[in-house]
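J.: Sending over a structure as structure tokens; questions will come in a sec.
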Amino acid sequence: MEDSRKALQAFLEIISFDRIISILLLCLMAWLLLVLIQFCLNQLNKALPKYRLIWNRSFPFVRLFVWLSVIVYSIVGIIDPHENLVLAVVGSISIVVGLATQEPAKNMIAGFIIMINPPYRVGDMVTLGGHYGEVIKLEWSVTWLRTFDDNTVMIPNAEALKTAVSNANSGALDEMVVVKFTLPMHVDHKKAIALAREATQCSPYTFLNKPIIVNLGNEYDLGEFLQTITVKAYVMDVRLEKKFMSDINIRVLSAFKNARFYDGQQTPTH
């Protein structure tokens with residue numbers, strides 16, 4: 001215990017005012033560099049939105065590399081302590097730090113695992129911790145989501161390793177969207193399928209490089225048999241998911257009403 005106290009005292013003695021200023025300036029430069037990189041990535045997102053996911057996914061690794069470089073250079077290049085002193089101090093404080101940061105350490109380890117073997121990346125649409133939204137930032141200890149209600153949700157990374165994660169696009173810019181419609185049984189189902197497919201193809205948000213699938217089914221509700229038309233199509237950008245769903249509803253319902261499918265029937269709510 002006495003050796004540890006002496007080691008800590010010796011460590012504090014080598015932290016001079018000049019070294020503290022140097023470390024603070026180094027941290028400031030690193031922060032400004034990251035701000036500049038983030039600004040450049042935002043400009044690239046606007047200029048080349050097709051590659052938005054690639055730019056956003058590179059930033060967590062750049063940030064990790066920059067701060068690790070700052071830590072290593074601060075210790076080796078600025079403080080430059082004796083090896084025995086470093087070992088003694090680390091041994092003295094590791095137990096205290098370990099006990100005080102069990103949960104944060106667990107989240108940081110989980111964040112490192114997510115970066116190496118990611119169940120999701122920046123830009124993915126995921127369901128995590130009961131929240132659905134776009135991954136806007138992936139940090140060491142937490143993941144940040146932006147929901148379609150424009151709420152920002154912070155979720156500990158350890159949560160991602162404990163629960164199932166639903167990923168809607170898995171790294172792609174496009175994603176599948178499913179919209180369901182109900183029709184009376186007397187309606188011509190072949191005509192309904194054709195109208196739903198045509199209306200979906202006309203949407204400006206439809207990613208036409210992938211197939212449009214229209215499935216026919218049936219269900220029994222409130223004592224009545226109904227037909228179900230389920231449209232499965234891909235939106236060109238995950239951020240347009242809700243607009244795409246709304247546009248499909250408007251176009252398909254308009255086509256069904258023009259075909260007089262709902263005459264004498266109450267228009268269903270979806």
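The values are calculated or read from the model by the stated rules, or taken from the named source; none is laboratory data. Here the structure is a predicted model, which means the values were calculated and not measured. Neighbour counts are summed over all protein chains in view; Cβ atoms, including those assigned to glycine, are modelled from backbone coordinates with ideal geometry.
J.: Is it the case that segment 153-167 has a residue that's polar (S, T, N, Q), within 30 Å of ASN258 (Cα to Cα) and out of contact with any Asp or Glu (no Cβ under 8 Å at 6 or more places or on another chain)?
T.: There is no residue in segment 153-167 that is polar (S, T, N, Q), within 30 Å of ASN258 (Cα to Cα) and out of contact with any Asp or Glu (no Cβ under 8 Å at 6 or more places or on another chain).
J.: Sticking with this one: Inside segment 246-258, can you point out the residues that are surrounded by 15 or more Cβ atoms within 10 Å (Cβ to Cβ) and either closer than 14 Å to LEU183 by Cα or of a type in the set (Val, Ile, Thr) (or both)?
T.: Within segment 246-258, ILE248, ASN249, VAL252, LEU253, ALA255, PHE256 meet the criteria.
J.: Among the residues that make up segment 246-269, is at least one of them assigned to a loop (DSSP other than H, G, I, E, B) and within 34 Å of the chain's Cα centre (by Cα)?
T.: Scanning segment 246-269 turns up at least one residue that is assigned to a loop (DSSP other than H, G, I, E, B) and within 34 Å of the chain's Cα centre (by Cα).
J.: Could you list, in sequence order, all residues of segment 161-192 that are over 30 Å from SER141 (Cβ atoms), of a type outside the set (A, V, I, L, M, F, W, C), touching a residue at least 12 places away in the same chain (Cβ under 8 Å) and in a loop (DSSP other than H, G, I, E, B)?
T.: ASP174
J.: What is the residue count in segment 124-174 for residues that are over 23 Å from SER58 (Cβ atoms) and of a type in the set (Asp, Glu)?
T.: Residues flagged as over 23 Å from SER58 (Cβ atoms) and of a type in the set (Asp, Glu) within segment 124-174 amount to 3.
One line per residue, one yes/no per condition, for (1) farther than 21 Å from GLU134 by Cα; (2) outside any helix (DSSP H, G or I); (3) not polar (S, T, N, Q):
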position	(1), (2), (3)
ILE21	yes, no, yes
MET29	yes, no, yes
VAL35	yes, no, yes
LEU44	no, no, yes
ARG52	no, no, yes
SER58	no, no, no
VAL62	no, no, yes
PHE65	yes, no, yes
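J.: Any idea which of (1) touching a strand residue (DSSP E or B) at 6+ places or on another chain (Cβ under 7 Å); (2) surrounded by 13 or more Cβ atoms within 10 Å (Cβ to Cβ); (3) not hydroxyl-bearing (Ser, Thr, Tyr) is the one VAL178 doesn't satisfy?
T.: Only one criterion in (1) touching a strand residue (DSSP E or B) at 6+ places or on another chain (Cβ under 7 Å); (2) surrounded by 13 or more Cβ atoms within 10 Å (Cβ to Cβ); (3) not hydroxyl-bearing (Ser, Thr, Tyr) is unmet by VAL178, namely (2).
J.: Next question, about the same structure. Give me the pairs, please: first residue somewhere in segment 240-264 and polar (S, T, N, Q), second residue anywhere and surrounded by fewer than 19 Cβ atoms within 10 Å (Cβ to Cβ) and at pLDDT below 95, beta-carbon distance under 9 Å, and either six or more positions apart or on two chains.
T.: Pairs found: ASN249/HIS270.
J.: While we're here: Kindly provide the set of residues from segment 193-238 that are hydrophobic (A, V, I, L, M, F, W, C), surrounded by 14 or more Cβ atoms within 10 Å (Cβ to Cβ) and in a loop (DSSP other than H, G, I, E, B), ordered by number.
T.: Matches in segment 193-238: PHE207, ILE212, MET236.
J.: Related question: Only one of ALA88, ALA105, ALA110 is modelled with pLDDT under 75 and outside the structural domain of VAL62 (by TED's automatic domain parsing). Can you tell me which?
T.: One residue alone meets the criteria, ALA105.
J.: Between GLY133, GLY123, GLY129, which is surrounded by 14 or more Cβ atoms within 10 Å (Cβ to Cβ), modelled with pLDDT of 90 or more and not hydroxyl-bearing (Ser, Thr, Tyr)?
T.: Within the list GLY133, GLY123, GLY129, the selection yields GLY133.
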